[in-house]
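One structure is given below, encoded as structure tokens.
The values are calculated or read from the model by the stated rules, or taken from the named source; none is laboratory data. Computed from a prediction, not measured in an experiment: that's the story for all the values here. We place every Cβ from the backbone using ideal geometry, glycine too, and count neighbours over all the protein chains shown. Quick note on the areas: whole protein, heavy atoms, side chains included, nothing else; ligands and nucleic acids left out. Shrake-Rupley method; radii C 1.70, N 1.55, O 1.52, S 1.80 Å.
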Amino acid sequence: MESVKIGLLGLGTVGSGTVNVLQRNAEEIARRAGREIQIVCASARDLTRSRNCDVDTIRLTSDPMEVVCDPDVEIIVELIGGTTLALELVLKAIEQGKHVVTANKALIALHGNEIFAKASDKGVMVAFEAAVAGGIPIIKALREGLTGNQIEWLAGIINGTGNFILTEMRDKGRAFEDVLKEAQELGYAEADPTFDVEGIDAAHKLAILASIAFGIPLQFEKVFTEGIGAIGKEDVVYAEELGYRIKHLGIARKTAEGIELRVHPTLIPEKRLIANVDGVMNAVLVNADAVGPTLYYGAGAGAEPTASAVVADIVDVVRMLTSDPENRVPHLAFQSNALSDVAVLPIDEVVTAYYLRLCVEDKPGVLAEIAQLLADQQISIEALLQKEPVDGQSVVPVIILTQRAVERELNRAIYAIEKLDTVRGSVIRIRLETLK
Ligand code: NDP
Ligand code: HSE
């Protein structure tokens, strides 16, 4: 049987990883796919640059549209990134009846609804396993493995760069900028690393996961997002004294009122497996009604782990080439005419527990006043820790863990606490999840 011809857009970290995996494992992959898979042409911006892969048998061009329009090519693999040129190329490929594989989470989170609608009209597949959690087959697990379940919530460490930075800072005391530079050199970071640091990349991924988990359209703009910059060194230490780790989590939860979609630093009990996921590793914990909790763990970024997911998608597409479009697995797990319009909750309506850190005057009655302001908003205290005065000052750090409360009520309490004469500066708030 004739080989399946691939056109590759991008020969950077993931593009060259994909060439290497497809070449090295060609025989095994062909045995699994039922046909040989051949990259016939590829594009990159600068053709004079040396590549981390063997491109001798691949026709190279600096014009990605040439690859998309090559009549021999059946599957386009988009590994350029961004949401302008990539969107144009993907839509053109679909228009020409070509299947698409992409690792581009920004593209899917922002334009997935339009892309999938056009792909369905044309009867082509758009596969995006590599877009979430690098090499972990989490899209396949949610879309296929858990398809008999109602998914209740999921929580994941879904940005490798951010987790790598936090781990290196905590374990080795390294400076933020120094670790970020290393993450860029290792090919983990986005072209614009503020996407990693500010939580935007994790929000892209969470929008995709939630859509597949709950059968809702992609709604990136409704994800509440806080980055890793909000995590202070002292908070890491205090959290550990109380038996918690601080991780940057993406959380999607279905409640009776609507769906929570949020990305932020989170205290997690240190005994949870996910609290011990370090470095560039990612993990997604999924709680579903029939199976209960399941945890998916693996490398969240990097050339070959991501290529592993890209190649899995290519093989899936090859296996399905001859199937009727109506009988394929739907792009977002649910049939496109069965997506629900259940509301995404604003962060004010989210219910969770909190870690609060305050600087207060070291005198009688202060803690009682703070406890009263929390009680006024129906917020109960779970634990309280008062530290030694800092450098002989008259103020002391106080750490409070609250029980679960509505964010709007916590905001009211914080507002009132910050107005007390005995409280200095702002109250630091980090959300806390037990992930039971
Ligand atoms: P790189 O920057 O390493 O590679 C991008 C490639 O696209 C390069 O070959 C570049 O050419 C080419 N390119 C960029 N802009 C243009 C353009 N305007 N015209 C033509 N070619 C262009 O990115 P990555 O491989 O890291 O990421 C690719 C995609 O995969 C992104 O969507 C990213 O979010 C996603 N991803 C990345 C992961 C990772 O670990 N790096 C993990 C999971 C997903 P040239 O080499 O000549 O500059
Ligand atoms: N920059 C992303 C990360 C790449 O660090 O997780 C993988 O999506």
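Below is a table of values for the structure above.
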item: Residue count for segment 315-329, restricted to those that are modelled with pLDDT under 95 and either part of a loop (DSSP other than H, G, I, E, B) or open to solvent by less than 40 Å² (accessible area, probe 1.4 Å) (or both); result: 6
item: Among the candidates 15, 97, 82, 34, residue that is of a type outside the set (A, V, I, L, M, F, W, C) and open to solvent by less than 20 Å² (accessible area, probe 1.4 Å); result: 15
item: Output for segment 399-408, where each listed residue is part of a helix (DSSP H, G or I) and open to solvent by 10 Å² or more (accessible area, probe 1.4 Å); result: 408
item: Number of the condition not met by residue 392 [criteria: (1) open to solvent by less than 60 Å² (accessible area, probe 1.4 Å); (2) small (Gly, Ala, Ser); (3) on the phi > 0 side of the Ramachandran plot]; result: (1)
item: Hey, residue 417 of a type outside the set (D, E, K, R), part of a helix (DSSP H, G or I) and at pLDDT 95 or above or not; result: yes
item: Counted residues, segment 161-201 - those being open to solvent by less than 60 Å² (accessible area, probe 1.4 Å) and either within 12 Å of ligand 1 (Cβ to nearest atom) or in the same structural domain as residue 106 (by TED's automatic domain parsing) (or both); result: 11
item: Residue list for segment 279-314, restricted to those being open to solvent by less than 50 Å² (accessible area, probe 1.4 Å) and assigned to a loop (DSSP other than H, G, I, E, B); result: 279, 280, 300, 301, 302
item: Qualifying residue in segment 54-73 (condition: exposed (fewer than 15 other Cβ atoms within 10 Å of the Cβ), within 23 Å of residue 135 (Cβ to Cβ) and more than 22 Å from the chain's Cα centre (by Cα)); result: yes
item: Test: residue 143 is open to solvent by 10 Å² or more (accessible area, probe 1.4 Å) and modelled with pLDDT under 95; result: no
item: Given (1) more than 25 Å from residue 192 (Cα to Cα); (2) within 16 Å of ligand 2 (Cβ to nearest atom); (3) not β-branched (Val, Ile, Thr), number of the condition residue 56 does not satisfy; result: (2)
item: Breaking point among (1) under 29 Å from the mean Cα position of the chain (by Cα); (2) on the phi > 0 side of the Ramachandran plot; (3) of a type in the set (Gly, Ala, Ser), for residue 15; result: (2)
item: Some residue of segment 225-234 being surrounded by fewer than 23 Cβ atoms within 10 Å (Cβ to Cβ), within 16 Å of ligand 1 (Cβ to nearest atom) and part of a helix (DSSP H, G or I); result: no
item: Criterion: more than 12 Å from ligand 2 (Cβ to nearest atom) and either over 18 Å from residue 274 (Cβ atoms) or assigned to a helix (DSSP H, G or I) (or both) - qualifying residue of 190, 177; result: 177
item: Close pairs (7 angstrom Cβ cut-off, 6 or more residues apart or separate chains): under 25 Å from residue 401 (Cα atoms) in segment 266-289, open to solvent by 10 Å² or more (accessible area, probe 1.4 Å) and of a type in the set (Asp, Glu) anywhere; result: 287/152
item: Criterion: under 30 Å from residue 138 (Cβ atoms), outside the structural domain of residue 239 (by TED's automatic domain parsing) and not basic (Lys, Arg) - qualifying residue of 395, 329; result: 329
item: Cβ pairs under 7 Å, 6+ apart, first in segment 390-406 and closer than 26 Å to residue 433 by Cα and among the aliphatic types (A, V, I, L, M), second assigned to a helix (DSSP H, G or I) and open to solvent by 60 Å² or more (accessible area, probe 1.4 Å); result: 406/349
item: Unmet criterion (only one of (1) in a loop (DSSP other than H, G, I, E, B); (2) away from ligand 2 (no atom under 16 Å from the Cβ); (3) closer than 30 Å to residue 16 by Cα) for residue 217; result: (3)
item: Condition met for residue 119 (away from ligand 2 (no atom under 13 Å from the Cβ), hydrophobic (A, V, I, L, M, F, W, C), assigned to a helix (DSSP H, G or I) and under 30 Å from residue 321 (Cβ atoms)); result: yes
item: Single residue of 163, 113 found to be in contact with a strand residue (DSSP E or B) (Cβ under 6 Å, 6 or more places away or on another chain), farther than 28 Å from residue 44 by Cβ and polar (S, T, N, Q); result: 163
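Residues are listed down the side, and each one gets a yes or a no for (1) away from ligand 1 (no atom under 11 Å from the Cβ); (2) buried (at least 24 other Cβ atoms within 10 Å of the Cβ); (3) of a type in the set (A, V, I, L, M, F, W, C); (4) in contact (Cβ under 8 Å) with a residue 24 or more places away in the chain:
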position	(1), (2), (3), (4)
78	no, yes, no, yes
87	yes, no, yes, yes
92	yes, no, no, yes
114	yes, no, no, no
129	no, yes, no, yes
153	yes, no, yes, yes
159	no, yes, no, yes
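Residues are listed down the side, and each one gets a yes or a no for (1) assigned to a strand (DSSP E or B); (2) basic (Lys, Arg); (3) closer than 22 Å to residue 265 by Cβ; (4) open to solvent by less than 60 Å² (accessible area, probe 1.4 Å):
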residue: 353; (1), (2), (3), (4): yes, no, yes, yes
residue: 384; (1), (2), (3), (4): yes, no, yes, no
residue: 410; (1), (2), (3), (4): no, no, yes, yes
residue: 429; (1), (2), (3), (4): yes, yes, yes, no
